[in-house]
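The values are calculated or read from the model by the stated rules, or taken from the named source; none is laboratory data. These figures come from a predicted structure and were not determined experimentally. All Cβ positions, glycine included, derive from the backbone under ideal geometry; neighbour counts span all protein chains shown.
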Amino acid sequence: MKRLLIILLFVGGNSFGQRLSVGITFQYLMVKQVKLNQSLIPGATSYTLYQANDNRWKVFSAGQSIVIGTVVQLSNKKFYVAAEPEYELNTYNYTVKYPLSPTSDESVTFKTLFFQTNLPLYIGFQVHSSEVIRYSIFAGASGVLPYHLELTLKETNNDPSVYYRYSVSDFRNILYNDKPYVNTLLGVGINFASLFRMDIRYLHRLGYPGELVNSITGQPNKATFNTLGVGLTFFLPMDLLKKRIYNEE
């Protein structure tokens, strides 16, 4: 897949592009929102009834993602297209409450960890450029292929008996499944010469990880996912097309 992308971009670049760049990207996505459309969720694999209302944007505590990958970017004047075959360690956490009595609850956090491969494809536009700094915006989509899933539970007091009292799979097809999906991608970036780019990127998952019907409301449970983070891309000191594009003003 990586070789095919490089070949296609190289062939297209010779016809249309001014610069073909390759590099390595590192991303850290630490601001996340997991949002459920219903407040009472029956367990998918048990008879437990959970109260789900923890739909806020969170820094770190809703999960984190670490991404490493390669970048192939074709530029033409102020525009560029890029592909980023990458590997991601992706986590999502969601905390629910279970009533123990009329006056007390127990908080339980369902944690999912995915190993997955991604293929973001996006188009960018340079809103300002100079010999040293170029500012750009970009948008596109990212195909996601999960290939390994781990599930854990955490109770407020770290009581190990939480695994006996709750089913670790109670949010399957509500908060997660192991099927491929697509994220939309938006970002803003700053390029420093042709050396590296720093960016802030936003991801929104298209569709839901299953729509298991809620036995209480009769409506499907739908979870939406939003993610915000930073990226740092280092370009190799080579220009495969050897054409200058700094002064496009």
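For this structure, a couple of remarks:
- Test for Y208: is it without any contact (Cβ under 8 Å) to a residue 24 or more places away in the chain and touching a strand residue (DSSP E or B) at 6+ places or on another chain (Cβ under 9 Å): yes
- Strands (runs of 3 or more DSSP E) (entirely within segment 181-249) containing at least 1 residues that are modelled with pLDDT of 95 or more and among the polar types (S, T, N, Q): 181-192, 223-235
- Any pair with Cβ under 6 angstrom, 6 or more apart, that starts in segment 10-26 at a residue that is over 13 Å from E86 (Cα atoms) and assigned to a strand (DSSP E or B) and ends at one that is among the hydroxyl-bearing types (S, T, Y) and modelled with pLDDT of 80 or more: R19/S75
- The residue of segment 45-102 that is farthest from H148 (Cα to Cα), among those that are among the polar types (S, T, N, Q) and under 19 Å from the mean Cα position of the chain (by Cα), is N55.
- Residue within segment 30-48 that is buried (at least 17 other Cβ atoms within 10 Å of the Cβ), over 27 Å from D170 (Cα atoms) and modelled with pLDDT of 95 or more present: no
- Number of positions in segment 76-105 that are under 22 Å from G143 (Cα atoms) and either among the small types (G, A, S) or not in a strand (DSSP E or B) (or both): 4
- L175 meets the conditions (1) within 30 Å of Q18 (Cβ to Cβ); (2) crowded, with 20+ Cβ neighbours inside 10 Å in every case but one. The failed one is (1).
- Close contacts from segment 69-87, counting a first residue that is closer than 17 Å to L186 by Cβ and modelled with pLDDT of 95 or more and a second that is polar (S, T, N, Q) and not in a strand (DSSP E or B), with Cβ to Cβ under 7 Å and a gap of 6+ residues or different chains, come to none at all.
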